[in-house]
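Working notes, beginning with the structure itself.
Any read-out appearing in this document is the output of simple, stated calculations on the displayed coordinates, not a laboratory observation. Small disclaimer: the values here were computed from a predicted structure and weren't measured. Every residue, glycine as well, gets a Cβ built from its backbone with ideal geometry; the counts of neighbours run over all protein chains shown.
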Amino acid sequence: MTNSFVLVGNVVSPLKLSTSPAGVHHCQFSIEHRSIQVEDGLNRQAFVRMKVVATGEWSQRLASELIEGMQIQVTGFINRHESRTGNPVLALHAQQIEMI
């Protein structure tokens with residue numbers, strides 16, 4: 001099955017680095033997208049703020065490369081996470097990040 005997602009936006013939160021008990025590195029931050037999309041011939045404002053998760057060795061380099069306000073393109077897949085309060089949150093799991 002296909003689960004592919006591409007989003008361009010600005011980094012809007014500080015990067016949070018962590019390592020799981022299994023030794024897997026993670027980097028989390030949020031990206032904000034704003035644009036005008038055409039839907040059924042009409043302009044529609046699109047806005048989304050989404051959590052991004054990068055996993056693996058390359059994720060640790062992001063801390064020195066990404067800063068708040070930077071525009072990036074994230075390619076990956078979406079997955080459900082749970083917030084600390086148990087509410088479902090949609091997250092974009094990055095497989096590639098390109099600085100624009």
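Brief remarks on what is shown
- Every test in (1) more than 14 Å from residue 14 (Cα to Cα); (2) under 14 Å from the mean Cα position of the chain (by Cα); (3) touching a residue at least 24 places away in the same chain (Cβ under 8 Å) is passed by residue 57 save one, and that test is (2).
- Residue in region 86-98 that is crowded, with 16+ Cβ neighbours inside 10 Å and β-branched (Val, Ile, Thr) present: yes
- For region 67-88, residues that are of a type in the set (A, V, I, L, M), within 15 Å of residue 32 (Cα to Cα) and under 12 Å from the mean Cα position of the chain (by Cα) total 2.
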